[in-house]
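Taking it in order: structure first as structure tokens, then the write-up.
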Amino acid sequence: MEFGNQSRVTEFILLGLSDNPNMQVLLFQLFLIVYMFTLVGNFLLIAAVRVDKRLHNSMYLFLTNLSLLDICYTSIIVPKMLVNIVAYSKSIWFTGCVFQVYFYLFLGETECVLLAFMAYDRFAAICNPLRYNVIMDTVTCIRMISVSWMTGSAISSVDLVFIYQLRYCGHTTINHFFCEAPSLLQLSCSDISKNNIVTLVGGAILLLIPLSLILFSYIKIFFVIVRLHSGRYKAFSTCVSHLIVVIIFYGTTMFMYMRPRYAATEVTDKMVSLFYTIVTPMLNPLIYSLRNKDVQRALRLLGNSLTIVQ
């Protein structure tokens, strides 16, 4: 597979998180447990919402899409990471690396937009409770979700075109645990100024604009809640879970993609990437289920259904 017209690269070497054999055993066990917990937690959340008809509304339709994103997001990274930990060879084929870059960008960018629409959903529910079912009807909700997926796909495709044009002059060792766009840029011997511009523009579109919508929604929500004479706690509690997810996801992502590249270090990059690619997808179902009595009720209903089936 050719990059540009001067270099030919068929595979990359992923150094991973550690080359210590004892540490690798520990890392394999740890990330296998985290991955299984992520899959089980998110699948249970999707199944619980599906079983309980009282949760068939826009808020939980967004939530099940977030769980689906988290399942896909972690599944394109962790399985290959686990294989590389125990395998003698740490290589990844060029096509596999391209696959990771595209889908990791696609799913992450989709989640950015989806979190903004989830904030708007809370804004509609709290600030316009009497018109909420009209504003956020099923058709509107599906359109928002579709826009999230289409926006992520479109912008990640642009990123991929510019990354695909890069040339590599013999440097194929990536000091990371997966193929992340900034790591590939560092290896390239091409002029990456256009890639940096695309990254900044994409970051502005997919981080700053959705984050602005989220901030606007919660400022409006705050002023409505403080004027309430009763039900403040209930109104606020419906927003806390989403705010926690937004802070974790946007905080780590903006730290990674919106800071100057000269301020980056390989160790810091790996730790931050580890958090938003592996830790956050595991935490999301916990955050929503622990603070949400409706989800807890649906999980109990799901458990009772499974018990009856057995």
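The values are calculated or read from the model by the stated rules, or taken from the named source; none is laboratory data. What you see is a predicted model, and the numbers here were worked out from it, not measured in a lab. All Cβ positions, glycine included, derive from the backbone under ideal geometry; neighbour counts span all protein chains shown.
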Exception for residue 66 within (1) farther than 21 Å from residue 238 by Cβ; (2) assigned to a helix (DSSP H, G or I); (3) not small (Gly, Ala, Ser) falls at (1)
Output for Cβ contacts, cut-off 7 Å, separation at least six or different chains, first residue under 17 Å from residue 274 (Cα atoms) and in a loop (DSSP other than H, G, I, E, B) in segment 16-29, second among the hydrophobic types (A, V, I, L, M, F, W, C) and at pLDDT 85 or above, reads 16/85; 16/177; 17/27; 17/177; 18/27
(1) among the hydrophobic types (A, V, I, L, M, F, W, C); (2) over 17 Å from the mean Cα position of the chain (by Cα); (3) at pLDDT 90 or above; (4) surrounded by 19 or more Cβ atoms within 10 Å (Cβ to Cβ) all hold for residue 77 apart from (2)
Restricting segment 97-107 to residues that are touching a residue at least 60 places away in the same chain (Cβ under 8 Å) and of a type outside the set (A, V, I, L, M, F, W, C), the one surrounded by the most Cβ atoms within 10 Å (Cβ to Cβ) turns out to be 104
Please determine whether any residue of segment 154-167 is modelled with pLDDT of 80 or more, in a loop (DSSP other than H, G, I, E, B) and under 22 Å from the mean Cα position of the chain (by Cα).
no
Here the qualifying pairs (Cβ atoms under 9 Å; residues six or more apart or on different chains; first in segment 169-180 and over 13 Å from residue 91 (Cβ atoms) and at pLDDT 85 or above; second assigned to a loop (DSSP other than H, G, I, E, B) and basic (Lys, Arg)) come out as none
Of 83, 51, the only residue that is surrounded by fewer than 16 Cβ atoms within 10 Å (Cβ to Cβ) and either farther than 20 Å from residue 139 by Cβ or touching a residue at least 24 places away in the same chain (Cβ under 8 Å) (or both) is 83
Residue 104 fails exactly one of (1) out of contact with any Lys or Arg (no Cβ under 7 Å at 6 or more places or on another chain); (2) more than 30 Å from residue 241 (Cβ to Cβ); (3) not in a loop (DSSP other than H, G, I, E, B), namely (2)
If we keep only residues of segment 197-218 that are over 14 Å from residue 116 (Cβ atoms) and modelled with pLDDT of 80 or more, then the residue surrounded by the most Cβ atoms within 10 Å (Cβ to Cβ) is 198
Only one of 248, 225 is over 21 Å from residue 104 (Cα atoms), surrounded by 12 or more Cβ atoms within 10 Å (Cβ to Cβ) and modelled with pLDDT of 75 or more, namely 225
Quiz item: Given the structure, is residue 58 in contact with an Asp or Glu (Cβ under 9 Å, 6 or more places away or on another chain) and small (Gly, Ala, Ser)?
Solution: yes
Note: among 18, 58, just one is small (Gly, Ala, Ser) and surrounded by 20 or more Cβ atoms within 10 Å (Cβ to Cβ), namely 58
**Report entry** Flag for residue 92 being touching a Ser or Thr at 6+ places or on another chain (Cβ under 6 Å), crowded, with 17+ Cβ neighbours inside 10 Å and closer than 28 Å to residue 32 by Cβ
**Finding:** no
Taking segment 177-193 and keeping residues more than 25 Å from the chain's Cα centre (by Cα) and either small (Gly, Ala, Ser) or within 14 Å of residue 17 (Cα to Cα) (or both) leaves 188, 190, 193
